[in-house]
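Remarks on the structure that follows.
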Amino acid sequence: MRFHAIAALFAFALPLTAQNADSEPDVAAQIADTAAFTTREVGDGIVLRQRWFAKLFDGPQSLTVLELQRDRVTLRFDVEAPGKLTPTSTMAAQRGALAAINGGFFEPDARPRGLLRLDGTLLVPATAGQGSLGIDEHGGLLLAERPAGDWPEMREALGAGVVLLHEGKVVDHGERQRSIRHPRSAVGTTADGRILLVTIDGRTDKARGTSYEETAKLLAALGCTEAINLDGGGSSTLWVATLGVCNYPCDNLRFDHQGERAVANALLVYAPAVILVDDDDAELRGQGFVQVRDGTGIHGPDCTLWQGDGDGEVVFAAELPFAGKWRALLWTPKVKGAEGALRAEIAVGTQQPKLDGQTLRGKPGEWVEIGRFELAQKGRVAAHLTPARGAPFVADAVKFAQQP
(Lines give C-alpha, C1' and ligand atoms only; values in the text may rest on other atoms or scores of the structure.)
Protein backbone atom coordinates (compact mmCIF):
# COMPACT_ATOMS: atom_id res chain seq x y z
CA MET A 1 0.00 0.00 0.00
CA ARG A 2 1.57 3.24 -1.12
CA PHE A 3 1.82 6.12 1.33
CA HIS A 4 0.89 9.49 -0.17
CA ALA A 5 2.28 12.82 0.95
CA ILE A 6 0.92 14.37 4.10
CA ALA A 7 -1.17 17.49 3.80
CA ALA A 8 -1.90 19.85 6.65
CA LEU A 9 -5.24 21.52 5.87
CA PHE A 10 -6.68 24.38 7.89
CA ALA A 11 -10.01 25.76 6.80
CA PHE A 12 -10.20 28.75 9.12
CA ALA A 13 -8.01 31.66 10.10
CA LEU A 14 -6.41 30.95 13.48
CA PRO A 15 -5.24 33.46 16.09
CA LEU A 16 -1.46 33.30 16.17
CA THR A 17 1.05 34.52 18.70
CA ALA A 18 3.93 36.61 17.49
CA GLN A 19 6.37 34.10 18.96
CA ASN A 20 7.86 31.10 17.26
CA ALA A 21 10.76 28.73 17.98
CA ASP A 22 13.30 31.43 17.04
CA SER A 23 12.14 33.59 19.95
CA GLU A 24 12.74 30.74 22.40
CA PRO A 25 16.50 30.23 22.08
CA ASP A 26 16.84 28.16 25.25
CA VAL A 27 14.20 25.66 24.13
CA ALA A 28 15.55 25.48 20.61
CA ALA A 29 19.13 25.05 21.82
CA GLN A 30 18.24 22.23 24.19
CA ILE A 31 16.24 20.41 21.54
CA ALA A 32 19.06 20.93 19.01
CA ASP A 33 21.45 19.02 21.31
CA THR A 34 20.62 15.70 19.63
CA ALA A 35 23.47 13.90 21.37
CA ALA A 36 21.58 14.31 24.66
CA PHE A 37 18.67 12.22 23.35
CA THR A 38 18.51 8.46 23.54
CA THR A 39 17.82 7.42 19.94
CA ARG A 40 16.96 4.01 18.56
CA GLU A 41 15.67 2.71 15.25
CA VAL A 42 12.38 0.83 15.71
CA GLY A 43 11.03 0.55 12.16
CA ASP A 44 11.65 1.24 8.50
CA GLY A 45 12.23 5.00 8.52
CA ILE A 46 11.09 5.24 12.16
CA VAL A 47 13.21 6.25 15.16
CA LEU A 48 12.35 6.76 18.81
CA ARG A 49 13.97 9.70 20.59
CA GLN A 50 13.76 10.26 24.35
CA ARG A 51 15.20 12.74 26.79
CA TRP A 52 14.74 13.89 30.36
CA PHE A 53 15.36 17.59 31.03
CA ALA A 54 16.32 18.71 34.53
CA LYS A 55 14.78 22.09 33.70
CA LEU A 56 12.66 23.07 30.73
CA PHE A 57 9.78 25.56 31.09
CA ASP A 58 10.67 26.12 34.76
CA GLY A 59 10.70 22.46 35.76
CA PRO A 60 11.75 18.91 34.90
CA GLN A 61 10.34 17.48 31.67
CA SER A 62 10.24 14.03 30.08
CA LEU A 63 9.94 13.94 26.29
CA THR A 64 9.29 10.97 23.98
CA VAL A 65 9.20 11.44 20.20
CA LEU A 66 8.42 8.85 17.54
CA GLU A 67 9.77 10.25 14.27
CA LEU A 68 8.47 8.81 10.99
CA GLN A 69 9.59 9.46 7.43
CA ARG A 70 6.55 9.97 5.22
CA ASP A 71 8.29 8.82 2.02
CA ARG A 72 8.30 5.16 3.08
CA VAL A 73 5.84 3.24 0.89
CA THR A 74 5.36 0.69 3.69
CA LEU A 75 4.11 3.27 6.21
CA ARG A 76 0.40 3.57 6.90
CA PHE A 77 -1.86 4.81 9.69
CA ASP A 78 -5.15 3.65 11.15
CA VAL A 79 -7.65 4.79 13.77
CA GLU A 80 -8.76 2.26 16.36
CA ALA A 81 -11.88 2.78 18.47
CA PRO A 82 -13.15 -0.54 19.94
CA GLY A 83 -16.29 0.94 21.54
CA LYS A 84 -15.06 0.43 25.09
CA LEU A 85 -12.28 1.93 27.17
CA THR A 86 -9.07 0.01 26.40
CA PRO A 87 -5.37 0.79 26.98
CA THR A 88 -3.57 2.13 23.93
CA SER A 89 -1.03 -0.69 24.16
CA THR A 90 -3.78 -3.32 24.12
CA MET A 91 -5.50 -1.80 21.08
CA ALA A 92 -2.22 -1.69 19.17
CA ALA A 93 -1.07 -5.19 20.13
CA GLN A 94 -4.44 -6.72 19.24
CA ARG A 95 -4.32 -5.08 15.80
CA GLY A 96 -0.70 -6.03 15.12
CA ALA A 97 0.53 -2.43 14.93
CA LEU A 98 4.17 -1.41 15.18
CA ALA A 99 3.41 1.68 17.29
CA ALA A 100 0.55 3.75 18.68
CA ILE A 101 -0.29 6.95 20.49
CA ASN A 102 -3.50 7.69 22.40
CA GLY A 103 -6.14 9.58 20.43
CA GLY A 104 -8.80 12.20 21.12
CA PHE A 105 -10.93 13.17 24.12
CA PHE A 106 -13.84 10.95 25.16
CA GLU A 107 -16.75 10.41 27.51
CA PRO A 108 -16.80 7.74 30.27
CA ASP A 109 -18.85 5.48 27.99
CA ALA A 110 -16.06 5.67 25.35
CA ARG A 111 -18.00 7.99 23.05
CA PRO A 112 -15.55 10.44 21.47
CA ARG A 113 -15.94 14.18 22.01
CA GLY A 114 -15.98 14.99 18.34
CA LEU A 115 -15.32 13.41 14.99
CA LEU A 116 -15.15 9.64 14.55
CA ARG A 117 -15.22 8.05 11.12
CA LEU A 118 -14.27 4.36 10.70
CA ASP A 119 -14.02 2.32 7.49
CA GLY A 120 -15.80 5.02 5.50
CA THR A 121 -18.72 5.41 7.91
CA LEU A 122 -19.39 8.54 9.99
CA LEU A 123 -20.15 7.51 13.59
CA VAL A 124 -19.84 10.89 15.34
CA PRO A 125 -19.78 14.28 13.54
CA ALA A 126 -16.99 16.77 14.04
CA THR A 127 -17.27 19.69 16.45
CA ALA A 128 -16.66 22.99 14.66
CA GLY A 129 -13.06 24.17 14.92
CA GLN A 130 -11.71 20.88 16.26
CA GLY A 131 -8.22 19.76 15.29
CA SER A 132 -8.60 16.36 13.64
CA LEU A 133 -6.67 13.46 12.15
CA GLY A 134 -7.70 12.05 8.79
CA ILE A 135 -6.58 8.76 7.22
CA ASP A 136 -6.98 8.58 3.44
CA GLU A 137 -7.62 5.46 1.37
CA HIS A 138 -3.88 4.85 1.06
CA GLY A 139 -3.24 4.97 4.82
CA GLY A 140 -1.77 8.47 4.64
CA LEU A 141 -2.17 10.89 7.54
CA LEU A 142 -3.64 14.41 7.27
CA LEU A 143 -4.07 17.12 9.93
CA ALA A 144 -6.93 19.60 9.71
CA GLU A 145 -9.11 21.98 11.66
CA ARG A 146 -12.57 20.76 10.70
CA PRO A 147 -15.97 22.41 10.48
CA ALA A 148 -18.96 20.69 12.07
CA GLY A 149 -20.09 17.48 10.40
CA ASP A 150 -18.36 14.80 8.35
CA TRP A 151 -15.00 14.52 6.61
CA PRO A 152 -16.16 12.43 3.66
CA GLU A 153 -12.85 12.47 1.77
CA MET A 154 -11.24 10.40 4.52
CA ARG A 155 -11.59 6.66 5.02
CA GLU A 156 -11.09 7.18 8.76
CA ALA A 157 -11.00 10.33 10.89
CA LEU A 158 -10.69 11.24 14.54
CA GLY A 159 -11.38 14.49 16.36
CA ALA A 160 -8.53 15.50 18.62
CA GLY A 161 -7.89 18.75 20.49
CA VAL A 162 -6.79 22.27 19.68
CA VAL A 163 -4.49 23.28 16.85
CA LEU A 164 -1.06 24.03 18.35
CA LEU A 165 0.96 25.17 15.33
CA HIS A 166 -0.01 26.57 11.94
CA GLU A 167 2.57 27.59 9.33
CA GLY A 168 5.27 27.44 12.00
CA LYS A 169 3.51 29.87 14.36
CA VAL A 170 2.16 29.11 17.81
CA VAL A 171 -1.65 29.31 17.97
CA ASP A 172 -2.82 31.47 20.89
CA HIS A 173 -5.45 29.86 23.14
CA GLY A 174 -5.67 32.65 25.69
CA GLU A 175 -3.93 33.81 28.83
CA ARG A 176 -5.54 31.19 31.08
CA GLN A 177 -4.13 28.29 29.06
CA ARG A 178 -0.60 29.63 29.39
CA SER A 179 -0.51 28.66 33.07
CA ILE A 180 -2.19 25.23 32.89
CA ARG A 181 0.32 22.40 32.65
CA HIS A 182 -0.57 18.76 32.05
CA PRO A 183 0.95 15.69 30.40
CA ARG A 184 0.45 16.12 26.67
CA SER A 185 0.18 14.04 23.51
CA ALA A 186 0.44 15.66 20.09
CA VAL A 187 0.98 15.00 16.39
CA GLY A 188 3.07 17.30 14.22
CA THR A 189 4.42 17.49 10.68
CA THR A 190 7.58 19.14 9.40
CA ALA A 191 8.46 20.91 6.17
CA ASP A 192 11.10 18.27 5.36
CA GLY A 193 8.64 15.39 5.35
CA ARG A 194 8.61 13.98 8.89
CA ILE A 195 5.68 13.08 11.12
CA LEU A 196 6.20 13.34 14.88
CA LEU A 197 4.12 11.56 17.51
CA VAL A 198 5.00 13.23 20.81
CA THR A 199 4.28 12.68 24.49
CA ILE A 200 5.33 15.03 27.29
CA ASP A 201 4.97 13.46 30.74
CA GLY A 202 3.72 15.21 33.86
CA ARG A 203 2.04 15.15 37.30
CA THR A 204 5.11 13.68 39.03
CA ASP A 205 8.22 15.16 40.64
CA LYS A 206 10.20 13.98 37.59
CA ALA A 207 7.98 15.61 34.97
CA ARG A 208 5.94 18.80 35.29
CA GLY A 209 4.05 18.78 32.00
CA THR A 210 3.43 21.70 29.66
CA SER A 211 0.79 24.24 28.66
CA TYR A 212 -0.64 24.46 25.14
CA GLU A 213 1.79 27.24 24.30
CA GLU A 214 4.79 25.42 25.75
CA THR A 215 3.81 22.26 23.90
CA ALA A 216 3.61 24.22 20.66
CA LYS A 217 7.01 25.85 21.25
CA LEU A 218 8.57 22.47 21.94
CA LEU A 219 7.06 21.02 18.74
CA ALA A 220 8.33 24.02 16.78
CA ALA A 221 11.81 23.45 18.22
CA LEU A 222 11.56 19.85 16.98
CA GLY A 223 10.94 21.21 13.49
CA CYS A 224 7.17 21.02 13.23
CA THR A 225 5.26 23.62 11.24
CA GLU A 226 1.79 22.13 11.80
CA ALA A 227 0.59 20.34 14.94
CA ILE A 228 -2.54 19.38 16.87
CA ASN A 229 -3.08 18.41 20.48
CA LEU A 230 -4.43 14.99 21.46
CA ASP A 231 -5.99 13.89 24.74
CA GLY A 232 -3.50 14.31 27.59
CA GLY A 233 -3.24 13.83 31.33
CA GLY A 234 -3.32 10.18 32.35
CA SER A 235 -4.24 9.24 28.79
CA SER A 236 -0.87 10.24 27.31
CA THR A 237 0.75 7.03 26.10
CA LEU A 238 3.23 6.18 23.35
CA TRP A 239 3.75 2.46 22.72
CA VAL A 240 6.10 0.53 20.40
CA ALA A 241 5.71 -3.20 19.79
CA THR A 242 9.40 -3.94 20.30
CA LEU A 243 9.71 -1.89 23.50
CA GLY A 244 6.29 -1.62 25.17
CA VAL A 245 5.07 1.63 26.72
CA CYS A 246 7.90 4.09 26.09
CA ASN A 247 6.82 7.21 28.00
CA TYR A 248 5.80 7.54 31.65
CA PRO A 249 1.96 7.58 31.84
CA CYS A 250 0.83 9.18 35.09
CA ASP A 251 -2.51 7.55 35.87
CA ASN A 252 -0.81 5.74 38.78
CA LEU A 253 0.87 9.01 39.91
CA ARG A 254 4.32 7.43 39.60
CA PHE A 255 7.15 8.03 37.15
CA ASP A 256 7.18 4.58 35.59
CA HIS A 257 5.76 2.76 32.57
CA GLN A 258 2.85 1.19 34.45
CA GLY A 259 0.41 4.12 34.72
CA GLU A 260 -1.39 3.68 31.40
CA ARG A 261 -5.06 4.69 31.33
CA ALA A 262 -7.76 2.90 29.36
CA VAL A 263 -8.91 5.24 26.57
CA ALA A 264 -11.53 5.28 23.82
CA ASN A 265 -9.37 5.49 20.70
CA ALA A 266 -5.83 5.58 19.39
CA LEU A 267 -3.75 6.34 16.30
CA LEU A 268 -1.98 3.19 15.08
CA VAL A 269 1.19 3.00 12.98
CA TYR A 270 1.98 0.14 10.61
CA ALA A 271 5.48 -0.35 9.15
CA PRO A 272 8.16 -3.07 9.07
CA ALA A 273 9.78 -3.44 12.48
CA VAL A 274 13.48 -3.07 13.24
CA ILE A 275 15.14 -4.48 16.36
CA LEU A 276 18.73 -3.52 17.05
CA VAL A 277 20.91 -5.40 19.55
CA ASP A 278 24.12 -3.66 20.62
CA ASP A 279 27.25 -5.59 21.55
CA ASP A 280 26.77 -4.40 25.13
CA ASP A 281 23.67 -6.63 25.20
CA ALA A 282 25.25 -9.56 23.33
CA GLU A 283 26.58 -12.76 24.91
CA LEU A 284 30.35 -13.28 24.55
CA ARG A 285 31.44 -16.91 24.66
CA GLY A 286 35.09 -17.93 24.97
CA GLN A 287 38.35 -16.06 25.45
CA GLY A 288 40.01 -13.33 23.43
CA PHE A 289 37.40 -10.55 23.52
CA VAL A 290 38.39 -6.94 24.15
CA GLN A 291 36.47 -3.67 24.05
CA VAL A 292 37.82 -1.03 21.71
CA ARG A 293 36.70 2.51 21.02
CA ASP A 294 34.32 2.96 18.12
CA GLY A 295 35.42 5.97 16.10
CA THR A 296 31.89 6.63 14.84
CA GLY A 297 30.03 6.00 18.08
CA ILE A 298 26.90 5.01 16.18
CA HIS A 299 26.00 2.21 18.54
CA GLY A 300 27.67 3.31 21.73
CA PRO A 301 31.25 4.44 22.40
CA ASP A 302 32.83 0.99 22.13
CA CYS A 303 32.58 -2.30 20.27
CA THR A 304 33.69 -5.89 20.77
CA LEU A 305 36.85 -7.14 19.03
CA TRP A 306 37.71 -10.82 18.99
CA GLN A 307 41.42 -11.47 18.60
CA GLY A 308 41.83 -14.80 20.37
CA ASP A 309 43.47 -17.97 19.15
CA GLY A 310 40.80 -20.40 20.33
CA ASP A 311 37.05 -20.66 20.06
CA GLY A 312 35.12 -17.43 20.20
CA GLU A 313 31.44 -16.70 19.65
CA VAL A 314 29.21 -13.63 19.91
CA VAL A 315 25.44 -14.17 20.23
CA PHE A 316 23.00 -11.35 19.47
CA ALA A 317 19.51 -12.44 20.60
CA ALA A 318 16.15 -10.68 20.41
CA GLU A 319 12.44 -11.29 20.78
CA LEU A 320 10.79 -10.47 17.46
CA PRO A 321 7.19 -9.24 17.71
CA PHE A 322 5.83 -10.39 14.34
CA ALA A 323 5.75 -13.52 12.21
CA GLY A 324 6.99 -13.33 8.63
CA LYS A 325 10.22 -12.77 6.71
CA TRP A 326 13.20 -11.06 8.32
CA ARG A 327 16.81 -10.11 7.52
CA ALA A 328 19.76 -9.97 9.92
CA LEU A 329 22.48 -7.39 9.33
CA LEU A 330 25.80 -6.81 11.09
CA TRP A 331 27.34 -3.38 11.70
CA THR A 332 31.12 -3.23 11.75
CA PRO A 333 32.64 0.12 12.70
CA LYS A 334 35.70 1.77 11.21
CA VAL A 335 38.30 0.32 13.55
CA LYS A 336 41.33 -1.89 12.98
CA GLY A 337 40.24 -5.52 12.80
CA ALA A 338 36.77 -4.81 11.43
CA GLU A 339 37.76 -6.31 8.11
CA GLY A 340 38.28 -9.79 9.63
CA ALA A 341 36.42 -12.81 8.25
CA LEU A 342 33.63 -14.44 10.24
CA ARG A 343 30.86 -17.01 10.00
CA ALA A 344 27.23 -16.24 10.78
CA GLU A 345 24.32 -18.53 11.62
CA ILE A 346 20.74 -17.56 12.51
CA ALA A 347 19.00 -19.69 15.13
CA VAL A 348 15.20 -19.44 15.43
CA GLY A 349 13.50 -20.36 18.70
CA THR A 350 15.25 -23.29 20.37
CA GLN A 351 17.08 -24.26 17.18
CA GLN A 352 20.81 -24.81 17.62
CA PRO A 353 23.14 -23.28 15.02
CA LYS A 354 25.54 -25.51 13.08
CA LEU A 355 28.26 -22.83 13.28
CA ASP A 356 29.55 -23.75 9.84
CA GLY A 357 27.72 -21.07 7.88
CA GLN A 358 28.99 -18.93 5.06
CA THR A 359 32.17 -16.96 5.50
CA LEU A 360 31.66 -13.19 5.46
CA ARG A 361 34.01 -10.26 5.60
CA GLY A 362 33.14 -7.12 7.49
CA LYS A 363 32.80 -3.84 5.61
CA PRO A 364 33.78 -1.05 8.01
CA GLY A 365 31.11 1.62 8.24
CA GLU A 366 28.42 -0.49 6.52
CA TRP A 367 25.59 -2.86 7.33
CA VAL A 368 26.35 -6.34 5.98
CA GLU A 369 23.58 -8.91 5.55
CA ILE A 370 24.40 -12.08 7.51
CA GLY A 371 21.21 -14.08 6.97
CA ARG A 372 17.55 -14.29 6.08
CA PHE A 373 14.89 -16.31 7.86
CA GLU A 374 11.15 -16.68 8.32
CA LEU A 375 9.15 -16.90 11.54
CA ALA A 376 5.93 -18.90 11.73
CA GLN A 377 5.05 -16.88 14.83
CA LYS A 378 6.64 -14.17 16.92
CA GLY A 379 9.46 -15.34 19.14
CA ARG A 380 13.17 -15.52 19.87
CA VAL A 381 15.90 -15.39 17.26
CA ALA A 382 19.68 -15.28 17.70
CA ALA A 383 22.55 -14.42 15.39
CA HIS A 384 25.68 -16.47 16.21
CA LEU A 385 28.99 -15.03 14.97
CA THR A 386 32.23 -17.04 15.01
CA PRO A 387 35.67 -16.33 13.54
CA ALA A 388 36.61 -17.79 10.19
CA ARG A 389 40.13 -19.24 10.02
CA GLY A 390 40.91 -17.67 13.35
CA ALA A 391 40.91 -14.16 11.89
CA PRO A 392 40.07 -11.24 14.23
CA PHE A 393 36.68 -9.65 13.71
CA VAL A 394 34.60 -6.85 15.19
CA ALA A 395 30.95 -7.19 16.30
CA ASP A 396 29.25 -3.92 17.22
CA ALA A 397 25.53 -4.42 16.55
CA VAL A 398 23.08 -6.71 14.77
CA LYS A 399 19.86 -5.41 13.27
CA PHE A 400 16.84 -7.64 12.65
CA ALA A 401 14.71 -6.00 9.94
CA GLN A 402 11.23 -7.20 9.06
CA GLN A 403 10.50 -7.54 5.34
CA PRO A 404 7.36 -5.97 3.83
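The values are calculated or read from the model by the stated rules, or taken from the named source; none is laboratory data. Just so it is clear, the model here is predicted, and its values are computed rather than measured. A quick note on method: Cβ atoms are made from the backbone with ideal geometry, for glycine too, and the neighbour counts reach across all protein chains shown.
Values for this structure:
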{"quantity": "Selection status of ALA227, crowded, with 19+ Cβ neighbours inside 10 Å and at pLDDT 95 or above", "calculated": "yes"}
{"quantity": "Meets criteria (within 30 Å of ALA157 (Cβ to Cβ) and among the polar types (S, T, N, Q)) for THR225", "calculated": "yes"}
{"quantity": "Lone qualifier among ALA328, ALA347, ALA376, ALA341 - being without any contact (Cβ under 8 Å) to a residue 40 or more places away in the chain and of a type in the set (A, V, I, L, M, F, W, C)", "calculated": "ALA347"}
{"quantity": "Where THR64 falls short, out of the listed (1) surrounded by fewer than 21 Cβ atoms within 10 Å (Cβ to Cβ); (2) out of contact with any Gly (no Cβ under 8 Å at 6 or more places or on another chain)", "calculated": "(1)"}
{"quantity": "Among (1) touching a Pro at 6+ places or on another chain (Cβ under 7 Å); (2) over 19 Å from ARG117 (Cα atoms); (3) of a type outside the set (D, E, K, R) - the single one ALA128 does not satisfy", "calculated": "(2)"}
{"quantity": "Those strands (runs of 3 or more DSSP E) lying entirely in the stretch 97-139 with at least 2 residues closer than 24 Å to GLY234 by Cα", "calculated": "99-102, 130-135"}
{"quantity": "The stretch 214-252, residues that are farther than 14 Å from ILE200 by Cβ and touching a Gly at 6+ places or on another chain (Cβ under 7 Å)", "calculated": "THR225, GLU226, ILE228, ASP251, ASN252"}
{"quantity": "Check on GLY139, at positive phi and either buried (at least 23 other Cβ atoms within 10 Å of the Cβ) or touching a Phe, Trp or Tyr at 6+ places or on another chain (Cβ under 8 Å) (or both)", "calculated": "yes"}
{"quantity": "Filter result (in a strand (DSSP E or B) and either of a type in the set (Asp, Glu) or surrounded by fewer than 24 Cβ atoms within 10 Å (Cβ to Cβ) (or both)) within the stretch 162-196", "calculated": "HIS166, LYS169, VAL171, HIS182, THR190, ARG194, ILE195, LEU196"}
{"quantity": "Residue that is nearest to the chain's Cα centre (by Cα), among those in the stretch 214-243 that are more than 17 Å from PHE105 (Cα to Cα) and among the charged types (D, E, K, R)", "calculated": "GLU226"}
{"quantity": "ASP78 crowded, with 17+ Cβ neighbours inside 10 Å, farther than 21 Å from VAL198 by Cα, among the acidic types (Asp, Glu) and in contact with a Leu (Cβ under 9 Å, 6 or more places away or on another chain)", "calculated": "no"}
{"quantity": "Top-ranked residue of the stretch 311-329 - restricted to ones that are more than 20 Å from GLY362 (Cα to Cα) and part of a loop (DSSP other than H, G, I, E, B), ranked as nearest to the chain's Cα centre (by Cα)", "calculated": "PRO321"}
{"quantity": "Hits in the stretch 147-156 - residues which are within 19 Å of PHE77 (Cα to Cα) and outside any loop (DSSP other than H, G, I, E, B)", "calculated": "GLU156"}
